[in-house]
Amino acid sequence: MSNRKKIVDLFQSKGLLFPESEMEVEEFELFNLIDNERPADWDAPEEIIKRGLQKLQQIKSVSGDSLSDEIEALRMVARKGSDLPQHIIDKMRAKHNKDDK
Amino acid sequence: MTIEEVENILLAISDKDNDEKSAVAGFTALYHSYGRFLNSVVSRVLKDIGIYDEHVLNTVVNNTFFKLYQKPLIFSFRKEATDDKGFKAWLSIVAKNDLKASLAEYYRGTLSLEIVNDEPVIESDELKEEIFVNVNLKVLDKALQLLSERDKYILLTLYLYYEEGKNTPSDVLKILCNMYDTTPVNIRKIRERAEKKIEEYFSKNSHLKPLKHVK
């Protein structure tokens, strides 16, 4: 087995990619909090049936250098060089995107 | 939900032409039981590949559940199944395929691309299985932190489409080139560099230590 395949399998088993087996689902649920946030159609799931298949209209990706700089600065200063928790980085990104819209 | 509950609901949905009310009620129950799980899975993957966009998240979750409503009997539990994790895994696979197809469709035709005929094999020595067995989530996270945010997103996007023995689809390279304003050659270099860093980190940090050295 190639190193690449081993790395991909490892990522998958730790829940970093889509879990595709029962064991990977278990790992995903072990290491990832299932969001308390309700999915978009929580109050009216039948809207999905009425709406049908949807196409992507836009994709907002994170590639701004300013954001990377901001994260790096926080890593260096706020935590005295230690790692910044991923959930804080995620919140910053979400805010960054919201501000851009 | 129990296996029996899921199976009964899937049967009810399959009979939607005769009893739409029961089908919709069953669909609603499934959504309320598994919507949060799927939302978390898709949200996590999107973050890992650098897409922070609720529209993409909502589209993939919408399409996954709609496909479930269209063809509920495509899924069936393994005979040995003891819980509903197989159903969750199936939802996750449907979502993965939808995300891949949606991204490809979105970016199709937006960039002319050189044809990539072959892909360089990783030149480093093959790592032993034990190294991977002993990698825990902490080591994995540390290894990923060695990469720049952009390189991490590119690597994980490539892995999303990875199939052993096959080249990276040109559509995927097109997507990445478009997202990161770069070339296919650079994408491959970034992957090689990132994989080398990860392999080196695993080699240094995941060896089993002899018992006498363990404190």
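The values are calculated or read from the model by the stated rules, or taken from the named source; none is laboratory data. Because the structure is predicted, anything quoted here is derived from the model rather than measured. Cβ sites come from the backbone with ideal geometry, for glycine too, and all protein chains shown count toward neighbours.
If we keep just the residues of region B:15-42 that are charged (D, E, K, R) and buried (at least 16 other Cβ atoms within 10 Å of the Cβ), which is farthest from A:L17 (Cα to Cα)?
B:K16
Within region B:50-59, does at least one residue satisfy the condition of being within 30 Å of B:K189 (Cβ to Cβ) and more than 23 Å from the chain's Cα centre (by Cα)?
Keep residues of region B:50-59 that are within 30 Å of B:K189 (Cβ to Cβ), which gives B:50-53, B:56.
Now drop any that are not more than 23 Å from the chain's Cα centre (by Cα), which leaves none.
For region B:50-59, residues within 30 Å of B:K189 (Cβ to Cβ) and more than 23 Å from the chain's Cα centre (by Cα): absent.
Checking the conditions here, which among A:D35, A:D83, A:D41 is outside any helix (DSSP H, G or I), modelled with pLDDT of 85 or more and either out of contact with any Phe, Trp or Tyr (no Cβ under 6 Å at 6 or more places or on another chain) or within 27 Å of B:F202 (Cα to Cα) (or both)?
Working: A:D35 fails: modelled with pLDDT of 85 or more; A:D83 fails: modelled with pLDDT of 85 or more.
The unique qualifying residue is A:D41.
Considering B:K128, B:K142, which residue is farther than 17 Å from B:L46 by Cα and at pLDDT 80 or above? Before the answer, list the steps.
Working: B:K128 fails: at pLDDT 80 or above.
Selected residue: B:K142, the only one of B:K128, B:K142 that is farther than 17 Å from B:L46 by Cα and at pLDDT 80 or above.
How do the pairs read when you match residues in region B:147-176 that are free of Cβ contacts under 8 Å to residues at least 40 places away in the same chain with residues anywhere that are surrounded by fewer than 17 Cβ atoms within 10 Å (Cβ to Cβ) and of a type in the set (K, R), using Cβ under 7 Å and keeping only pairs 6 or more apart or on different chains?
Within 7 Å, the pairs are B:E164/A:K5.
Go through region B:76-101 and give me each residue that's part of a loop (DSSP other than H, G, I, E, B), surrounded by fewer than 17 Cβ atoms within 10 Å (Cβ to Cβ) and of a type outside the set (S, T, Y).
The first filter runs over region B:76-101 and keeps only residues part of a loop (DSSP other than H, G, I, E, B), leaving B:76-84.
Now narrow it down to the ones that are surrounded by fewer than 17 Cβ atoms within 10 Å (Cβ to Cβ): B:76, B:78-83.
B:R78, B:K79, B:E80, B:A81, B:D83, listed by residue number.
From the list B:V61, B:V45, which residue is at the interface with chain A (Cβ under 7 Å from one of its Cβ atoms), at pLDDT below 95 and crowded, with 22+ Cβ neighbours inside 10 Å?
Details: B:V61 fails: at pLDDT below 95.
So the residue among B:V61, B:V45 that is at the interface with chain A (Cβ under 7 Å from one of its Cβ atoms), at pLDDT below 95 and crowded, with 22+ Cβ neighbours inside 10 Å is B:V45.
Using beta carbons and a limit of 6 Å, which pairs, at least six apart or on different chains, have the first residue in region A:1-23 and at the interface with chain B (Cβ under 7 Å from one of its Cβ atoms) and the second one part of a loop (DSSP other than H, G, I, E, B) and modelled with pLDDT of 80 or more?
A:K5/B:E164; A:V8/B:Y162; A:F11/A:L17
Pairs needed: first member in region A:39-51, facing chain B (nearest Cβ under 7 Å); second member anywhere, assigned to a loop (DSSP other than H, G, I, E, B); C-beta distance under 7 Å; at least 6 residues apart or different chains.
A:I48/A:D41
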